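Contents: one structure, followed by commentary.
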Amino acid sequence: MGIRLKELRKKRKITQHALAGHIGLTQQTVSRLENQIYIPPVDLVVNIANYFDVSVDYLLELSEIPERADVRINIEADFNNNYDFIIEFSKLNKVNRSTLLVLLKHLGKAQDNSSE
């Protein structure tokens with residue numbers, strides 16, 4: 001867990017002291033976690049995973065997938081709902097994909113503006 005915790009902390013660009021303040025620990029405890037000197041209780045592992053918005057499995061280095069299960073379920077549902085579109089999109093060449101993405105962004109902005 002220590003390596004992953006340190007990676008997540010550095011990715012957010014926060015110090016051990018700042019992380020400690022956010023999750024109710026001391027800087028020394030965060031250091032001990034990162035150096036794998038301290039084995040945290042389950043509730044602390046869950047709190048840290050929630051703070052970084054990652055799965056417990058990812059934090060414990062049991063998975064390379066950072067998303068929580070509920071997020072993955074939403075992604076899978078989106079994929080299933082848009083399967084036909086994804087298949088057709090994948091058939092396009094690089095130029096046409098880029099063009100379609102630009103069009104989609106413009107359509108999204110136009111839709112947002114019309115709903116205001």
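The values are calculated or read from the model by the stated rules, or taken from the named source; none is laboratory data. Since we're looking at a predicted model, the values are computed, not measured. Cβ atoms come from the backbone with ideal geometry, glycine included; neighbour counts cover every protein chain shown.
Would you confirm whether any residue within segment 26-43 is aliphatic (A, V, I, L, M) and under 16 Å from S55 (Cα atoms)?
Going through segment 26-43, the residues aliphatic (A, V, I, L, M) turn out to be 30, 33, 37, 39, 42.
Narrowing further to those that are under 16 Å from S55 (Cα atoms): 42.
Yes, segment 26-43 contains at least one residue that is aliphatic (A, V, I, L, M) and under 16 Å from S55 (Cα atoms).
One residue stands out among those in segment 63-100 that are of a type in the set (K, R) and closer than 30 Å to R9 by Cβ: the one that is modelled with the highest pLDDT, which is R68. Restricting L8, L59, L33, L44 to those that are in contact with a Pro (Cβ under 8 Å, 6 or more places away or on another chain) and either surrounded by 12 or more Cβ atoms within 10 Å (Cβ to Cβ) or at pLDDT below 95 (or both) reduces the list to L33. Cβ separations smaller than 9 Å between residues 6+ apart or across chains give the following pairs from segment 87-116 residues that are without any contact (Cβ under 8 Å) to a residue 60 or more places away in the chain to residues that are assigned to a helix (DSSP H, G or I) and among the basic types (K, R): F89/R97; S90/R97.
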